[in-house]
Every structure is written in C-alpha cells, then in structure tokens.
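Okay, structure first, notes after.
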Amino acid sequence: MPSVRPGTPERVARLAWRRRGDNGRVCRSIKTLRPPYADEVSDADIRAAALQYVRKISGYRAPAARNAAAFDRAVDAVTGATAELLAALQTARTG
C-alpha cells in the first residue's frame, strides 16, 4: 500500500479498518453449507448465509427504506445462486 500522510481522512480510514480486524475475510457468521461440513441444509440456512453476505458487502445491517428493495433483491439473488451452486456441487460422497 502506498504511504498516506498522517491525519488525512485516508489515513484515519485505514487505521480504523485495521482496528476492526477486517482483513478482507468474509463474515465469520457465514457457515460452510456443503457436505461434509453440513449434512442437512434448509432453505432458511441458505437465506441466512445470503443475508449475512449482503450485509457484509453492503455495510448495512438493515438498509434505509430507500435501499430496502435493492437489498432484498440482492438477498434473493444470492439465495438463488447459492441454492443452485449447492445443488450442482459434487463431493466425494455424492460422486
């Protein structure tokens, strides 16, 4: 990373980012949903993971009313993509 002068907004933001411990990792609340890590995965499990993902990347736990529709569409899209992915994955158990 290029150096940033002390006291600038960029420096303050970078230091705050480091203090949070956010190293670019996906939210620790998201669990692996494929076998052998999860034997049974419900639609609610998939939606909960999608919600956590959208919260993480959007930076909102609950969006403002003006962003709620976009937030909900994103959760729906991620839920669908996740379900499709899990259905298509083949593991040592499934061949």
Among the candidates Thr82, Thr91, residue that is polar (S, T, N, Q) and surrounded by 12 or more Cβ atoms within 10 Å (Cβ to Cβ): Thr82
Taking segment 52-83 and keeping only residues that are touching a residue at least 24 places away in the same chain (Cβ under 8 Å) and of a type in the set (Phe, Trp, Tyr), one is left with Tyr53
Within segment 24-33, identify whether any single residue is of a type outside the set (Gly, Ala, Ser) and modelled with pLDDT of 85 or more, and answer yes or no. yes
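The values are calculated or read from the model by the stated rules, or taken from the named source; none is laboratory data. The structure presented is a predicted model; accordingly, all values stated were derived computationally and were not measured. All Cβ positions, even for glycine, are placed from backbone atoms using ideal geometry, and neighbour counts span all protein chains on display.
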